[in-house]
Each structure stands twice: as C-alpha cells, then as structure tokens.
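S.K.: The structure is given below, and queries will be raised subsequently.
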Number of protein chains: 2
Amino acid sequence: MHIDIQWVPFPPRLEILSKKTIVVIDVLRATSVIIEALFQGAIEVIPVTTVEEAARLAKTFPRGSTLLGGERGSRKIQGFDFGNSPSEYTPEKVRGKRLILTTTNGTRAFHSVAAAEDVLVASFLNGTAVAEGSLQLDRDILIFPSGDEGAFSLEDVVCGGMLIDLMARKSHAAIGLTDASSSARILYQRFEGSLLEAFRLSSHGKDLDALGLGEDLFYCARTDVTDLVPTFRNGVIRAS
Amino acid sequence: MHIDIQWVPFPPRLEILSKKTIVVIDVLRATSVIIEALFQGAIEVIPVTTVEEAARLAKTFPRGSTLLGGERGSRKIQGFDFGNSPSEYTPEKVRGKRLILTTTNGTRAFHSVAAAEDVLVASFLNGTAVAEGSLQLDRDILIFPSGDEGAFSLEDVVCGGMLIDLMARKSHAAIGLTDASSSARILYQRFEGSLLEAFRLSSHGKDLDALGLGEDLFYCARTDVTDLVPTFRNGVIRAS
C-alpha cells in the first residue's frame with residue numbers, strides 16, 4: 001500500500017481519484033467543524049462552494065430541518081446560523097439537523113475530489129479513527145490538504161503527517177511512502193508535542209488569532225475526540 | 001523581505017518572475033553538475049530541454065569548444081561527452097569549454113523561470129554563497145526546486161530549507177517566511193547533521209543508488225565547496 005500527500009491543492013487527475021482512497025483535511029477549520037457537527041448529532045453536512053448556492057439549497061429542504069454555516073474572510077456570513085468555529089456547533093443546536101456549509105478552502109477541496117469513490121474527512125479530532133479506517137479500505141491513499149487559497153497550508157500537512165505516521169505504525173502490510181509523505185511525517189514529528197505551536201507558526205493560524213478567533217486553535221488542536229470517520233459521497237458528508 | 005519556496009515545480013506566474021529573485025535547485029544532480037563544471041573552469045553552461053536540441057546547438061559552436069553532458073533515465077546519453085555525475089567534470093576536461101547540458105528535471109526548471117531577471121543556481125555545493133548573494137539583491141525570493149518529473153523532491157526542498165535557514169540567520173532586515181518556507185526550513189533542520197540520510201530517504205536518491213551511482217550522493221552532499229553564485233540569463237549560465 002502506498003500513501004501519498006498532495007502539498008498543494010490542485011485537483012487530482014481522474015485516474016488517481018478512481019484508484020485511491022482520498023482523505024480531505026482542512027484543520028482550520030472546515031473539517032474540524034464538519035466532524036464536530038456530526039459528532040454532536042447533525043445528520044449530514046452538505047459542502048457547497050458559494051454563499052448563494054447555500055441559501056438556495058437550504059430553501060429546498062423542509063423549514064427547520066436545515067442550518068447554514070461557514071465563513072468568508074474567516075467571519076460568519078450574514079444571515080447564516082453559524083460561523084466556522086467548531087465550538088458553535090453544540091448538540092442543542094445541531095442534533096437531528098442538516099448543515100449546509102460554505103467555506104473558503106475546505107468546501108472547494110471536496111468538489112476537487114468529488115469523482116472519487118471513497119472520500120474520508122479528517123482533522124486532528126478523529127486522526128486515529130481515520131488512519132484505521134483508511135487502512136481497512138486496503139487501497140492506495142492520497143491525502144488531500146485543502147490548503148490556503150491555493151497555497152500550501154502548514155497545519156493541514158502536519159495533520160496529514162500524523163495520519164501517515166499512524167498508518168505506518170499500525171499497518172500489518174508494508175507501507176510505501178513518497179518523498180511528499182515522508183516529509184509530511186517529519187513535519188508532524190516536529191510538532192507532535194505541541195500542535196498549537198504549528199498553528200501559531202502557520203499563516204492561517206496567525207490570521208485567526210489576529211481576528212480574535214484564537215480559541216478555535218485550541219478547539220482544533222484536540223486529538224482523537226471521536227471515532228467518527230465521516231465520508232463524502234454524492235455531494236453529502238455523513239458519519240459512517 | 002519575503003522568502004517563499006515552491007514545493008511542486010509548476011511554472012510560476014509571470015508576475016512573480018518579474019518581481020522576485022529566483023533560486024533554482026536540482027541537487028540530484030543538474031545544479032550540482034553545473035556548479036561543479038563552472039568551479040572546475042568551464043566558461044558557461046547552456047541548459048536545453050531535448051537531446052536533439054543539445055546536439056544541434058553544439059554544431060553551431062567552433063569544433064572543440066563545446067562539450068555535451070546530461071542524462072535520460074539517470075544514464076549518460078549516447079554520443080555525449082559526460083553523464084550527469086559531478087565527478088566526471090574534471091578541470092582537465094572542462095577548463096575553458098562551453099557545456100551544453102540536458103537533464104530530465106533541472107534543465108526544464110530553468111526554462112520555467114527563464115522570464116525572470118535574476119535566476120541563481122544553487123545546490124549544497126554553494127549554499128552559503130547563494131544565501132548571501134540572494135540577500136544582496138534585496139528583493140523577495142522564490143526558491144524553485146526542480147522536483148522529480150513534476151512531483152515534489154525531498155532533497156531539493158531540504159537544500160531550499162538550508163538556504164532559508166542561512167538567510168534567516170544572516171539577514172540584517174526582518175525576513176518573512178511563508179508556511180512553505182517555514183516547513184522547508186524544518187525539513188532541513190531534521191537532516192542538517194546528515195544530508196546523506198535525506199538522499200537515502202528520497203526516491204531519486206534510492207534510484208541513483210540502485211543504478212550504481214551511489215558515489216554521486218556523497219559528491220552532491222558536500223557543502224560550501226565553492227563561493228560561486230552562477231546566474232542564468234538569456235539562456236546561458238555563467239559564474240558571476
């Protein structure tokens with residue numbers, strides 16, 4: 001089994017999507033929010049790329065069944081129920097509800113890999129569960145960090161490196177690493193003792209801190225809060 | 001001053017090329033060969049993308065003035081004077097000569113950045129000199145690893161990380177690092193004590209070892225052998 005990681009979030013070739021398990025990561029904050037919302041009882045999350053699409057789609061569902069969440073410029077969108085802070089997604093608010101989410105990088109990443117059969121959703125919150133779930137699918141794996149407006153995002157690659165480190169240590173079969181996946185593992189090992197240090201070095205982490213959203217960094221740096229391994233299929237993310 | 005590094009070798013936008021100092025790296029082995037050949041007395045190196053172009057161009061120069069070097073599949077090209085091992089480029093053979101070079105990744109990288117005003121040529125052999133030379137130009141810097149057939153190449157990013165580490169420590173002005181350049185610096189710090197370890201983890205290093213070219217790894221892992229800072233301008237690389 002081979003594990004690769006794509007450092008820059010350009011859409012993978014169809015040939016790769018059709019053969020590999022894809023793991024999407026947007027630690028700050030889309031996949032952390034998705035995992036938290038499902039963990040707190042949301043029934044499904046639909047990632048969409050524009051604010052207009054989110055509003056239009058919400059109207060097609062029964063009143064009261066669907067919530068709107070996400071951000072532009074890291075801030076809550078006017079008229080939406082939630083911003084993009086995982087701590088907002090409490091059980092009282094999300095249990096039994098559908099969430100439509102639009103964010104700058106994470107939701108775009110899901111659309112880049114929509115043609116793949118198996119797309120798993122990862123963050124630090126469910127790292128061990130995703131590592132084990134990916135190995136069980138027994139196919140080559142491509143980890144897909146969402147990045148930061150098309151550029152490389154440190155915290156996503158560190159999270160990918162954690163998954164790679166866990167898979168390499170847990171697999172019974174031999175694991176082949178590429179230069180990219182070996183390097184991500186080394187980056188993770190550098191920050192293993194303090195994920196917050198990685199967040200504070202990253203440009204996105206610094207931006208969130210400057211916007212007064214530093215609490216989100218603590219929230220997103222928690223590891224193995226849940227065993228959920230959400231999957232993205234036919235445009236919808238569900239706990240599986 | 002900002003330092004960025006491009007982890008995957010797709011051609012930079014013209015806007016970036018026109019504003020920044022570009023540093024091209026292909027540790028295994030094109031830029032190591034270029035630096036070695038100039039250090040041993042070659043007058044200039046012309047990187048071209050195809051074997052046919054190399055042969056055609058050689059015929060336009062006076063007989064005896066020009067040598068052909070390079071590789072395909074890491075091996076010497078039939079009819080060429082040299083392969084792509086730096087140790088072949090001895091003073092007896094190269095002094096006073098022009099070298100036309102075609103390799104799989106390195107020469108393609110030069111053509112990707114040909115529109116830039118200042119393109120410097122780096123490897124471990126001249127790291128400190130390139131770090132100091134780049135700072136003197138006093139513009140933002142983009143480090144451009146040649147990669148491995150379009151993919152990310154560990155040894156090139158480690159070398160880029162060494163330049164970033166040197167620049168950050170040597171600069172009198174504040175240096176801004178991106179997520180990408182911070183990460184490259186961390187990768188370098190991991191292998192600082194043993195660059196050969198990085199080569200042996202890298203897919204390209206393993207390939208060279210398997211082809212019996214392991215000696216080249218020792219040759220390319222030497223640091224600060226020369227103060228030369230070759231520049232690429234109008235299609236030609238010269239010691240400057």
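S.K.: Which of (1) open to solvent by 10 Å² or more (accessible area, probe 1.4 Å); (2) facing another protein chain (nearest Cβ under 10 Å); (3) more than 17 Å from A:Thr21 (Cα to Cα) is the odd one out, the single condition A:Asp207 does not satisfy?
M.R.: (2)
S.K.: So which residues in the stretch A:129-159 are under 21 Å from A:Phe39 (Cα atoms) and among the hydrophobic types (A, V, I, L, M, F, W, C), if there are any at all?
M.R.: A:Ala129, A:Val130, A:Ala131, A:Cys159
S.K.: While we're looking at this one, here's another question. Looking at the stretch B:22-66 only, could you name the residues that are under 22 Å from B:Leu125 (Cβ atoms), assigned to a strand (DSSP E or B) and open to solvent by 10 Å² or more (accessible area, probe 1.4 Å)?
M.R.: B:Glu44, B:Ile46, listed by residue number.
S.K.: Going through A:Gly96, A:Gly70, A:Gly64 one at a time, which residue ends up being of a type outside the set (Lys, Arg), closer than 16 Å to A:Ile237 by Cα and out of contact with any helix residue (DSSP H, G or I) (no Cβ under 9 Å at 6 or more places or on another chain)?
M.R.: A:Gly96
S.K.: Follow-up question, since we're still on this one. Report whether or not B:Gly69 is of a type in the set (Gly, Ala, Ser), open to solvent by less than 50 Å² (accessible area, probe 1.4 Å), at pLDDT 95 or above and not in a loop (DSSP other than H, G, I, E, B).
M.R.: Yes, satisfied.
S.K.: Among the numbered criteria (1) touching a residue at least 24 places away in the same chain (Cβ under 8 Å); (2) more than 27 Å from B:Ile43 (Cβ to Cβ); (3) more than 10 Å from every other protein chain (Cβ to nearest Cβ), which single criterion is violated by B:Gly212?
M.R.: Here B:Gly212 clears every test but (1).
S.K.: Still on this structure, I have one more. Taking helices (runs of 4 or more DSSP H) that do not extend beyond the stretch B:95-185, which have at least 1 residues that are modelled with pLDDT under 95 and open to solvent by less than 10 Å² (accessible area, probe 1.4 Å)?
M.R.: Answer list for the stretch B:95-185: B:106-112.
S.K.: For the stretch A:223-237, does any single residue satisfy the condition of being within 18 Å of the chain's Cα centre (by Cα), among the hydrophobic types (A, V, I, L, M, F, W, C), within 14 Å of chain B (Cβ to nearest Cβ) and outside any loop (DSSP other than H, G, I, E, B)?
M.R.: no
S.K.: Let me ask you something else. What are the residues in the stretch A:126-162 that are within 18 Å of B:Ser182 (Cβ to Cβ) and more than 14 Å from chain B (Cβ to nearest Cβ), if any?
M.R.: A:Met162
The values are calculated or read from the model by the stated rules, or taken from the named source; none is laboratory data. Small disclaimer: the values here were computed from a predicted structure and weren't measured. Every residue, glycine among them, receives a Cβ derived from its backbone with ideal geometry; neighbour counts consider all protein chains shown. Surface areas here come from the heavy atoms of the whole protein model, side chains and all, with no ligands, DNA or RNA. Shrake-Rupley method; radii C 1.70, N 1.55, O 1.52, S 1.80 Å.
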